[in-house]
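Asker: Please find one structure pasted underneath; my questions will follow.
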Amino acid sequence: MTEPAPDTASTAYDLHYLVNGERLFWRSASRGLTLIDGGRDSAIAWRTDDGEAGRQLWTDIVSVNMPGTDGKDAVSKCRIDFRGGRFLVVTDAGTTGKVDHARTPVYRDFVRALHLRLADAPEGSIRFTVGVSQTYRNVMVALGVITALLFVATPAVLVVDLHEWRALGPLTAGATFIWPFWKKIGSNRPHVYDPRHPPDEPMD
């Protein structure tokens, strides 16, 4: 006897997305995602104003990345990588490319729903990470050290050892610039997380 096909349910989310590194998404019709629950056919689909533009099964997902955020006005992003190299980035940005606070609750609902569905995946089949890649972070740290030496350490030496008080201005400006940069490096420290406990949500 043939088993009946499972019931299919779907939940739609009015969010912008990028596919395979697209840019300037707010100038396109790349908006609208759907989580589809249909047994083996469970998938994530994305659409444009002309209709569905792409679809991938849950079993095609190999990793989920949640970059760290460093402020209430930072755009939240969730990157979903599929087998074959294709990837999808979902954001709470609006038409200007900046965070749209009206979309942030929708984005959070999407992230919760996505993780709820993926939490039961076989252990090790999907990698869940927060932050940038280790290679990218190493580059950021190297740039931070070089910048700190040029714009903080050097003026500090001029002030302390040579009493060159005019260097106080560059020292203050350098420290003001460096602190947010190091804060960003810290918030994007790469590490894995349990999908049953997604990363902390951004503050309102």
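Asker: What residue, of VAL75, VAL19, is among the β-branched types (Val, Ile, Thr), in contact with a Gly (Cβ under 9 Å, 6 or more places away or on another chain), modelled with pLDDT under 95 and open to solvent by 40 Å² or more (accessible area, probe 1.4 Å)?
Answerer: None of the others qualify; the one that does is VAL75.
Asker: Now for a separate question. Taking the condition open to solvent by less than 50 Å² (accessible area, probe 1.4 Å), at pLDDT 80 or above, assigned to a loop (DSSP other than H, G, I, E, B) and not polar (S, T, N, Q), does ALA102 pass?
Answerer: Considered against the rule, which asks whether it is open to solvent by less than 50 Å² (accessible area, probe 1.4 Å), at pLDDT 80 or above, assigned to a loop (DSSP other than H, G, I, E, B) and not polar (S, T, N, Q), ALA102 comes out as no.
Asker: Could you please give the count of residues in the stretch 78-99 that are open to solvent by less than 10 Å² (accessible area, probe 1.4 Å) and among the polar types (S, T, N, Q)?
Answerer: Matching residues across the stretch 78-99 total 1.
Asker: Suppose the filter is part of a loop (DSSP other than H, G, I, E, B) and touching a residue at least 12 places away in the same chain (Cβ under 8 Å); does THR34 pass it?
Answerer: no
Asker: Cβ-Cβ below 7 Å, separation at least six or inter-chain, first residue in the stretch 97-120 and under 20 Å from ASP41 (Cβ atoms), second open to solvent by 30 Å² or more (accessible area, probe 1.4 Å) and among the polar types (S, T, N, Q): which pairs?
Answerer: Short answer, once both residue conditions are applied: ALA113/THR11.
The values are calculated or read from the model by the stated rules, or taken from the named source; none is laboratory data. Being a predicted model, the structure only gives us computed values, none of them experimental. Because the Cβ atoms are built from the backbone with ideal geometry, glycine has one as well, and the counts that use them run over all protein chains shown. SASA here: full protein model, heavy atoms, side chains in, ligands and nucleic acids out. Shrake-Rupley method; radii C 1.70, N 1.55, O 1.52, S 1.80 Å.
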